[in-house]
Amino acid sequence: MRIIRRISCPAHLLIALGATLSGAERVLVQQQEPATCRGHCAGVCCVAISPDGKLVASGSEEQIIILWDIDSCKERARLQGHKGWVECVTYSPDGKTLASSSRDQTVRIWDVATAKEQGILHGYSDRVSSVVFSPDGKTLIVAGDDELVHLWDLASEKERTVLRGHSYPINSLAISPDGKLLASGGSSEEVLVWDMATGRQVAQLGDHPREIRSLAFSPDGRMLASVSVEPGTVKLWEVATWQERTTLRWKPPIYSVQFSPDGKTIALGCLDGVRLWDLTAGKERALLRGHTDGVTSVAFSPDGKTLVSGSYDKTLKVWKLCPAKQEQ
């Protein structure tokens with residue numbers, strides 16, 4: 001007989017999200033309402049959690065970035081300067097710097113402690129959709145509607161390399177945990193994978209029904225997830241062989257994907273809420289409802305105990321996740 005023991009969750013009731021996972025843990029979600037961060041006056045396009053798990057950054061259609069305290073949902077700072085929708089926000093590995101990309105054709109670099117702008121990367125001809133730091137924090141990778149992937153050396157503040165291969169706008173970037181591989185995807189319905197050391201294309205992953213909206217590597221770097229918006233499709237790829245492992249489909253559109261820190265769950269930002277998919281059991285474990293419009297972005301805290309979602313409904317939701325150990 002299995003007994004579920006509740007631990008360190010101050011909720012009244014908990015919803016079990018799955019059968020036994022290898023390692024004797026499964027995820028539980030509080031049944032009480034998630035905390036809601038309100039402050040944006042337009043749809044939230046992107047969210048990111050700081051490496052220490054204390055802050056959330058959110059970018060919106062109103063051209064601003066808000067930094068929130070993740071525990072209280074209190075606004076800590078507003079970063080203003082962009083002249084277009086903020087498409088992407090990302091923290092540096094040390095958490096001291098935030099980079100943001102926008103439809104105003106710029107990337108802006110912010111000091112998190114002071115909430116001051118440190119610099120602007122100009123020279124883009126159209127929307128800049130995605131920006132990501134390398135794991136060592138030395139390189140900033142930028143992409144957008146110019147169909148190019150730009151690698152910036154942060155020490156010299158100079159563009160180091162431009163990767164060419166896309167023939168349509170790029171919507172998303174993802175870098176592997178070891179920093180050796182970069183994935184890029186966009187309107188061409190395919191994902192290109194690059195060797196970061198040489199700048200050469202090492203794989204082309206096709207067969208997506210529509211444009212690529214979101215990409216994510218698993219924490220161990222062995223798997224890549226790619227999302228097509230509509231119909232909602234997630235493809236999981238084995239990095240060692242670049243063979244497709246599985247395809248998951250839903251009728252509602254999917255806008256974003258993220259792996260949990262333990263690599264056992266993927267969170268999907270969908271039109272009808274946040275879906276949690278158990279990779280071990282191959283089953284959907286929960287549909288988290290609370291937003292009144294599509295969920296554009298999702299992010300796990302580093303300890304995996306919190307999930308943050310941003311939505312076109314102008315809010316962020318902070319969902320508390322909790323492990324439950326099983327005893328025989």
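Observations on the structure shown:
- At a probe radius of 1.4 angstrom, the accessible area of the stretch 234-328 per residue rounds to 40 square angstrom.
- Area of S187 that stays accessible when all protein chains are in place (1.4 Å probe, Å², to 10): 40
- Loop-located trypsin sites (Lys or Arg not before Pro) in the stretch 96-198 (DSSP state not H, G, I, E or B) with no more than 16 neighbouring Cβ atoms inside 10 Å: K96, K138, K180.
- Average accessible surface for the stretch 67-212: 46 Å² per residue, computed with a 1.4 Å probe over protein heavy atoms with every protein chain in place.
- Surface share of carbon and sulfur [accessible, 1.4 angstrom probe, percent] for the stretch 51-99: 41
- Note on the stretch 208-328: with neighbouring protein chains present and a 1.4 Å probe, carbon and sulfur make up 44 percent of its accessible heavy-atom surface.
- The chain, dipole about Cα centre (Lys/Arg Cβ +1, Asp/Glu Cβ -1), debye to the nearest 20: 940
The values are calculated or read from the model by the stated rules, or taken from the named source; none is laboratory data. None of these values were measured; they are calculated from a predicted model. Positions of Cβ are generated from backbone atoms using ideal geometry, with glycine treated the same way; all protein chains shown enter the neighbour counts. Heads up: the accessible areas ignore ligands, DNA and RNA and are worked out on the full protein's heavy atoms, side chains in. Shrake-Rupley method; radii C 1.70, N 1.55, O 1.52, S 1.80 Å.
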